[in-house]
1. Check every one of the strands (runs of 3 or more DSSP E) wholly within the stretch 127-205 and list those with 3 or more residues that are hydrophobic (A, V, I, L, M, F, W, C).
2. Regarding the stretch 190-207, can at least one residue be identified that is closer than 19 Å to Ile130 by Cα, touching a residue at least 60 places away in the same chain (Cβ under 8 Å) and of a type in the set (A, V, I, L, M, F, W, C)?
3. Consider Ile166 against the criteria (1) among the aliphatic types (A, V, I, L, M); (2) closer than 16 Å to Pro132 by Cα; (3) under 19 Å from the mean Cα position of the chain (by Cα): it satisfies all of them except one. Which criterion is unmet?
4. Any residue in the stretch 148-167 that's in the same structural domain as Arg120 (by the TED database): show its pairings with residues that are in a helix (DSSP H, G or I) and among the charged types (D, E, K, R) at Cβ separation under 8 Å, as long as the two are six or more apart or on different chains.
5. What's the total number of residues in the stretch 30-63 that are under 18 Å from Ile177 (Cβ atoms), assigned to a helix (DSSP H, G or I) and open to solvent by less than 30 Å² (accessible area, probe 1.4 Å)?
6. Is there a residue being farther than 18 Å from Ser137 by Cβ and either of a type outside the set (Phe, Trp, Tyr) or in contact with a Lys or Arg (Cβ under 9 Å, 6 or more places away or on another chain) (or both) anywhere in the stretch 219-239?
7. Which of the residues belonging to the stretch 140-179 are under 19 Å from Ile115 (Cβ atoms) and charged (D, E, K, R)?
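The values are calculated or read from the model by the stated rules, or taken from the named source; none is laboratory data. Everything numeric in this text was worked out from a predicted model, so none of it was measured. Please note: Cβ atoms are built from the backbone with ideal geometry, for glycine as well, and neighbour counts cover all protein chains shown. Quick note on the areas: whole protein, heavy atoms, side chains included, nothing else; ligands and nucleic acids left out. Shrake-Rupley method; radii C 1.70, N 1.55, O 1.52, S 1.80 Å.
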Amino acid sequence: MSRRLVQGRGNVSCVFYWFLKFLALGPVLKLIFRPWAEGTENVPREGAVILASNHLSYSDWLFMPLVIPRRVTFVAKAEYFEGTGLKGFLQRQFFSGSGQVPIDRSSGSAAAGAIRTQLRLLADGEVCGIYPEGTRSHDGKLYRGRTGVARLALEAKVPVIPVAVINTDVVAPPGRIFGRYARPGVRFGKPLDFSRYEGMQDDRYILRAITDEILYEIMNLSGQEYVDLYAPDAKKRDKELERQAAKERDKAEADEVWEEITE
């Protein structure tokens, strides 16, 4: 099912994508938020390329493609494309039209399925967007990247352009639909060529080195503080620290009350 959906993206989805970008949603976002961009000349006018971006907000996938003329495709859960009836049809059209395709679930895992899907897109000369951190940053910091982006670059033999989104977490913070007004921005770095590692996509040390190089460039573009932890692990750690701090505050307050009572 998913494979047919990826391979059979029709003219309707493509037309809807450009309709959203240039006639419907795009002009509204540009009018309200006035997004700015730097380094757009680094994105080639044609040919396959990977855009590897930091991930601050659910709005990243709206603003980043908005500032360049090419279609940017992301992978999404296959469930978004498998609904039935009118609701399912509208959902499929929205996700396809907004530049997303389903993960190929014929692979053994979601990660492998995402790579298979993106390899097909890159083989067709498309632009693939990917978030190496794997999830949104919960505190605005830049976290350790997953090595899927490195494997994808080596297997597809295409360049990687580091990308930094700015202020999208102000516009739409994690856990909220809308925050406060800010002008979001997007910086595109120079293409990174990893052809010197051709044929080494099974070497985990090479994959880690490539991923770290990409994240270093994203850090320079975004100005974010880098944390050498995966984002979910950091979020879990921070929640535990918050829980411990709350316990200590409660204990301190209880001690103060006890001292007042026993004076």
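1. Working: elements: 127-130, 160-166, 185-188.
In the stretch 127-205, the matching strands (runs of 3 or more DSSP E) lie at 127-130, 160-166.
2. yes
3. (2)
4. Pairs that qualify, where the first residue is in the same structural domain as Arg120 (by the TED database) and the partner is in a helix (DSSP H, G or I) and among the charged types (D, E, K, R), are Ala150/Arg208; Pro162/Glu217; Val165/Asp60.
5. 3
6. Residues of the stretch 219-239 that are farther than 18 Å from Ser137 by Cβ, as a first pass: none.
No, there is no match, as no residue in the stretch 219-239 is farther than 18 Å from Ser137 by Cβ and either of a type outside the set (Phe, Trp, Tyr) or in contact with a Lys or Arg (Cβ under 9 Å, 6 or more places away or on another chain) (or both).
7. Result: Arg144, Arg146, Arg151, Glu155, Lys157.
For (1) open to solvent by 60 Å² or more (accessible area, probe 1.4 Å); (2) under 21 Å from Ile218 (Cα atoms); (3) not β-branched (Val, Ile, Thr), each residue gets a yes or a no:
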{"position": "Arg136", "(1), (2), (3)": "yes, yes, yes"}
{"position": "Gly140", "(1), (2), (3)": "no, yes, yes"}
{"position": "Val158", "(1), (2), (3)": "no, yes, no"}
{"position": "Pro191", "(1), (2), (3)": "yes, yes, yes"}
{"position": "Met200", "(1), (2), (3)": "yes, no, yes"}
{"position": "Tyr205", "(1), (2), (3)": "yes, yes, yes"}
